[in-house]
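Input: a single structure, listed below in structure tokens.
The values are calculated or read from the model by the stated rules, or taken from the named source; none is laboratory data. Owing to the predicted nature of the structure, the values given are computational and were not obtained by experimental measurement. In this analysis, Cβ positions are derived from the backbone assuming ideal geometry, glycine residues included, and neighbour counts consider all displayed protein chains. Only protein heavy atoms, including side chains, enter the accessible area calculation; ligands, DNA and RNA are left aside. Shrake-Rupley method; radii C 1.70, N 1.55, O 1.52, S 1.80 Å.
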Amino acid sequence: MFIFLVIFHLNEGAIVMHEFSVCQALLGQLTHLANQHPGGKIVGILLVNGPLSGVDSTLLHHAVELCKKDTVAAEAVLTIEDRPLSIHCRDCLHDNEVPANDWTCPHCASLATEAVGGDALILARLQLDFP
Amino acid sequence: MCETCGCTPALSANTQTVEVLSAVFAANDRAAAHNRLHLGSHGVLAVNLMSSPGAGKTALLEAVIDTLGKKYRLGVIEGDLETENDAQRIRAKGIPAIQINTGSACHLDASLIHTAMHQLNLDTIDILFIENIGNLVCPAVYDLGQEANVILLSVTEGDDKPAKYPVMFRVADLLLVSKTDLLPYLDDFKVDRAENCLRKLANRAPIIPISVRSGQGMDDWLHWLEQRYQAFRKSCSQTNLPHDHHHP
Ligand SMILES: Nc1nc2c(ncn2[C@@H]2O[C@H](COP(=O)(O)OP(=O)(O)O)[C@@H](O)[C@H]2O)c(=O)[nH]1
Ligand SMILES: [Mg+2]
Ligand SMILES: [Zn+2]
Ligand SMILES: [Zn+2]
Ligand SMILES: [Zn+2]
Ligand SMILES: [Zn+2]
């Protein structure tokens, strides 16, 4: 029911479905972590996202808010930090931030580059309250 | 942040910060590693086919079956729901095909592939094709345990697709520019421009213009496939994996 609502609002059916499935993976990970810290309540979640993760931060935020009820994250405040793509150049050895569709090294124009950040969705940090 | 004014309340004395730093897709990556072990121990080359809906994945598979079906034992995991009967089209040619019922899902993941894989007799398969869901974004970020990603870009789609969908095109091990028989009717698609966009993603994958209608590029594509298969089999025999994978 709520899924229809979101699709209606954002008009991006497939993508919304995607962020819901990412949300399930995240909640699975959070449940696992909560079990490792018995007595703790998750009050803060920090995710770091980048343009090559295939996940839209805004849509993921919506999905988590809708799904977190009755889970270990029910009372958690979610923060998603968006980072740009950063690449390492194997020719000049510099690291640089670049647009996701142009990995040309801004320093030496080489295309012998590789992603070193902004290519994944990372669960960076949790805050737990021990009442 | 607090709801009313957006300030950040000071942490109470009994709040603990836990550094996690793990990928949200870590569970999928673990499942994919298991699949890879499984496929490797059976010497099965797994090829993940990705594209927009209708770029020609199933038609390409049919063409491969017609030309290589006698030389190699092929298998197909069908994840695409574009047409209900993709798996039936494959089975009609005498090739084992497992249809994954993804419902309205937008990507395949490693655990779906694992379930499908165990419905096949991998000892009777040399090359396993996975036809992914027609979508140019998220299928790319789910490792399935495949050995290679083959991405189809049809000439009806526009040559700037790699620039618009870097998430997908950066993972290509081979780019097939499909339906080239239609190029005479489409003056705005230039293979060079598609190649340029791909290179700008620091991706040096080979690009083969191909058409199942005219047969253009089929030899090059089949040659690429056979080479990957030979190289894979060689690496399998060198590592000599014992087959004792077990399920987590
Ligand atoms: N002209 C032309 N049409 C093709 C070619 N390959 C596939 N098609 C057509 O494109 C449509 C979609 O093909 P299909 O293989 O089902 O695409 P899929 O969704 O990627 O599996 C069908 O009508 C095919 O006949 C080709 O090389 N040339
Ligand atoms: Mg198909
Ligand atoms: Zn998806
Ligand atoms: Zn450089
Ligand atoms: Zn096995
Ligand atoms: Zn298994």
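The order of the peptides B:169-177, A:34-42 by mean Cβ neighbours within 10 Å, most packed first, is B:169-177, A:34-42. Report in % the part of the accessible area of chain A that belongs to carbon and sulfur, leaving out ligands and nucleic acids; probe 1.4 Å. Accessible surface attributable to carbon and sulfur in chain A totals 57 percent.
The Cα trace of region A:9-129 gives Rg and Dmax of 17.3, 53 Å, the first to one decimal, the second as a whole number. Normalised by 2.2 N^0.38 Å, where N counts its residues, the alpha-carbon radius of gyration of the protein assembly as shown equals 1.07. Against chain B, whose longest principal axis comes from its Cα atoms, helix B:26-41 is set at around 30 degrees. Rounded to the nearest 20, the size of the Cβ-charge dipole of region B:41-159 about its Cα centre is 420 debye, with Lys and Arg at +1 and Asp and Glu at -1. Averaged per residue, region B:26-233 has 40 square angstrom of accessible surface, using a 1.4 angstrom probe with ligands and nucleic acids left out. Distance between the modelled labels on A:A109 and B:L182, one decimal in nanometres: 3.7 nm (7 Å Cα→Cβ projection). Placing a label point 7 Å from the Cα of A:C92 along the Cα-to-Cβ direction, the residues of region B:190-230 whose backbone N falls under 19 Å of that point are B:200-203.
Placing dummy labels 7 Å off each Cα toward the beta-carbon, the span from B:T124 to B:S22 is 3.9 nm.
Which value, in debye to the nearest 20, describes the size of the charge dipole of the protein assembly as shown about its Cα centre when Lys and Arg Cβ atoms bear +1, Asp and Glu Cβ atoms bear -1, and nothing else is charged?
Values: 28 positive and 44 negative charges, 157 e Å.
I would put it at about 760 debye.
For region B:139-181, a reduction of at least 10 Å² in accessible area between the chain on its own and the assembled protein chains (probe 1.4 Å) is found at B:V141, B:Y142, B:A163, B:P166, B:V167, B:R170. Take the accessible area of chain B alone and of chain A alone, subtract that of the pair, and you get about 2800 Å² summed over both chains, using a 1.4 Å probe. With a simple spin-label model that places each label point 7 Å from the Cα along the Cα-to-Cβ direction, the separation between A:D82 and B:H223 comes to 4.5 nm. Please name whichever of B:L68, B:T102, B:N35 sits farthest to the positive end of the charge dipole of region B:26-124, dipole taken about the Cα centre and charges placed at Cβ: Lys and Arg +1, Asp and Glu -1. Highest projection toward the positive end goes to B:L68. Between the beta carbons of B:A92 and B:R30, assuming R0 = 35 Å, the FRET efficiency works out to 0.45 to the nearest 0.05. To put it simply, the accessible area of region B:26-233 at a 1.4 Å probe is 47 percent carbon and sulfur. The lysines whose alpha-carbon is closer than 23 Å to the alpha-carbon of B:K200, local same-chain residues fewer than 8 away aside, are B:K161, B:K164, B:K190. Other protein chain C-beta atoms within 10 Å of residue C-beta, averaged over B:21-29: 6.
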